[in-house]
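Participant: Here it is, the structure in full.
The values are calculated or read from the model by the stated rules, or taken from the named source; none is laboratory data. Quick caveat, the model's predicted, so the values are computed rather than measured. Cβ sites come from the backbone with ideal geometry, for glycine too, and all protein chains shown count toward neighbours.
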Amino acid sequence: MHRRRHGHRHRHRTRLTRPVTTALTFDPELAYPSYDRPFLESWNGRFEAVFVALHPFFRMPDVDPVKDGYFTTPFATSTVGKDAFEEAERERGPKTTEFLKRGTGGTRLLASIGYPEDGWETAQRITWAEVADQSGLGSREEVGTALLALIGALREPHPEKVAALVRYCEQTRTFPPAEGRFEELHLRPFLDLLGRAGSSAVLFQEEFDNEPVLSLTFAEAADRPWRGSLYSPDKSVLIVVDWDSYFTLVAGNRELLEPWIRDHAVDGFFADETTTHHWWAGPANLN
């Protein structure tokens, strides 16, 4: 049986409680890069290659994310999805619903996504190319646009694209990815990459400079740091994710990255000289 882990579009992870080394200070050169600067020009050109790792869609046997209440949204197209959202709103209660309406410009919560607490070894990852093809969205760029519109991160609501994405998830019992965090299905491959780079520890810094850098053992890092930067002590490998992003940047030597991508079947693409944060669309679409 799968235990439910509830969550909303920005759900916090439990902070680490084990003793960790905090002798390092925040390194701005290893934070998420400027939105309008090509990734390959970022971090003072430290890294030869940057891989854009797309956060995975996935399925679990005998789990229906909509029917079982993991994925609720007012954009639901099925009767089951609409009923699940209305039930979720009733469970939140009038005070929470009113707060959400004020926080979203008078609308209801746009999406609530929770994941099972266990059963991850059975998860089947779905590529963005497959989602694009089977949903009718047509490209990974359009999938990215639909995901961002689903959580209200764009100026334009793109209702047809959101409906296509939600309909696909409903009909195929597919979990959509989460944004702005190290994904459950990515974390162990990320730690493996750091191990392949010869790291004896994992350095983690949050997105802002008011928190110390943590030097973690691999076991401690498996407790899933939430959002920020993971990197090797020699700073030869960097893994960083930004708020509201459905992708994580993995930077390092291409000779190291290519076999790692192949071995773990990580969905994504290598950045070229023009690839920026807005690879999926123009900056004018952002709020």
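Participant: Do you know which residues across region 213-235 are touching a helix residue (DSSP H, G or I) at 6+ places or on another chain (Cβ under 9 Å) and over 22 Å from SER34 (Cβ atoms)?
Facilitator: LEU214, PHE218, ALA221, ALA222, ARG224, PRO225, SER232
Participant: Could you list, in sequence order, the residues of region 103-124 that are modelled with pLDDT of 95 or more and surrounded by 18 or more Cβ atoms within 10 Å (Cβ to Cβ)?
Facilitator: Result: ALA123, single match.
Participant: While we're on this one: Give the residue, chosen from LEU203, LEU185, that is outside the structural domain of LYS161 (by TED's automatic domain parsing), under 19 Å from LEU54 (Cα atoms), modelled with pLDDT of 95 or more and touching a helix residue (DSSP H, G or I) at 6+ places or on another chain (Cβ under 9 Å).
Facilitator: Going through LEU203, LEU185 in turn, the sole match is LEU185.
Participant: While we're here: I'm trying to understand the selection: among the residues of region 143-160, which are crowded, with 21+ Cβ neighbours inside 10 Å and in a helix (DSSP H, G or I)?
Facilitator: VAL143, GLY144, THR145, ALA146, LEU147, LEU148, ALA149, LEU150, listed by residue number.
Participant: Sort out for me the strands (runs of 3 or more DSSP E) sitting completely within region 185-287 that have 3 or more residues that are polar (S, T, N, Q), touching a Phe, Trp or Tyr at 6+ places or on another chain (Cβ under 9 Å) and touching a residue at least 60 places away in the same chain (Cβ under 8 Å).
Facilitator: Per the criteria, no element qualifies.
Participant: Can you find even one residue in region 168-188 that is crowded, with 18+ Cβ neighbours inside 10 Å and over 24 Å from LEU147 (Cβ atoms)?
Facilitator: Taking every residue of region 168-188 in turn, none turns out to be crowded, with 18+ Cβ neighbours inside 10 Å and over 24 Å from LEU147 (Cβ atoms).
Participant: OK, next. Taking into account only those residues within region 60-91 that are at pLDDT 95 or above and hydrophobic (A, V, I, L, M, F, W, C), which is surrounded by the fewest Cβ atoms within 10 Å (Cβ to Cβ)?
Facilitator: Checking each candidate, the answer is VAL63.
Participant: Restricting to region 32-91, name every residue that is polar (S, T, N, Q) and within 23 Å of THR127 (Cβ to Cβ).
Facilitator: Once the filter is applied, which keeps residues that are polar (S, T, N, Q) and within 23 Å of THR127 (Cβ to Cβ), region 32-91 yields THR73, THR77.
Participant: I'd like the full set of residues that are surrounded by fewer than 20 Cβ atoms within 10 Å (Cβ to Cβ) and under 27 Å from ARG262 (Cβ atoms), limited to region 200-216.
Facilitator: Scanning region 200-216 gives SER200, ALA201.
Participant: Could you list all residues from region 6-59 that are in a loop (DSSP other than H, G, I, E, B), β-branched (Val, Ile, Thr) and at pLDDT 75 or above?
Facilitator: Matches in region 6-59: THR25 only.
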